[in-house]
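To start, the structure itself, in structure tokens.
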Amino acid sequence: MAHEVTKTYEIDGKWHVRPSVGKNKGKTLKIFNTEKEANQWAKKRSDEYKPSIKERRKLYNKDPKEWLKLYGDWNKE
């Protein structure tokens, strides 16, 4: 996973942020009152996500072109 992919869902008038991939797929990470708050939090979380070198290697082996588009260099932070 190059970045954490999250989606927001409206459930019972509240906005739930859930990862769409990974081991916690489908589990609510946090609940918000407004869609704007949920989207801002999800974006910040995704921007701060940095995969380890091991995860980067897996990504590279899976799809080198996509990996180069996202990172371009092993040491890029």
Considering amide H positions built from the backbone, and no H for Pro or chain starts, which residues 5 or more places from Leu29, or on another chain, come under 5 Å of its amide H?
Val17, Arg18
Computed about the Cα centre, the charge dipole of region 6-70 from +1 Lys/Arg and -1 Asp/Glu charges at the Cβ has a magnitude in debye, to the nearest 20, of 420
Anything over 25 Å Cα to Cα? Flag those among Lys14/Lys62; Lys30/Lys58; Lys23/Lys62; Lys14/Lys69; Lys14/Lys58; Lys23/Lys50, in the order listed.
Lys14/Lys62; Lys30/Lys58; Lys14/Lys69; Lys14/Lys58
Dipole of region 6-70, positive direction: furthest Cα of Leu68, Trp41, Asn24, with charges on the beta-carbon:
Leu68
Potential extension, Lys44-Lys25 segment - 0.36 nm per residue separation minus Cα distance:
5.0 nm
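Read the figures in this text as sums done on the coordinates, not as results from a lab. Bear in mind that the values here come from a model prediction, so they are computed numbers and not experimental data. Backbone-built Cβ (ideal geometry, glycine too); neighbour counts: all protein chains shown.
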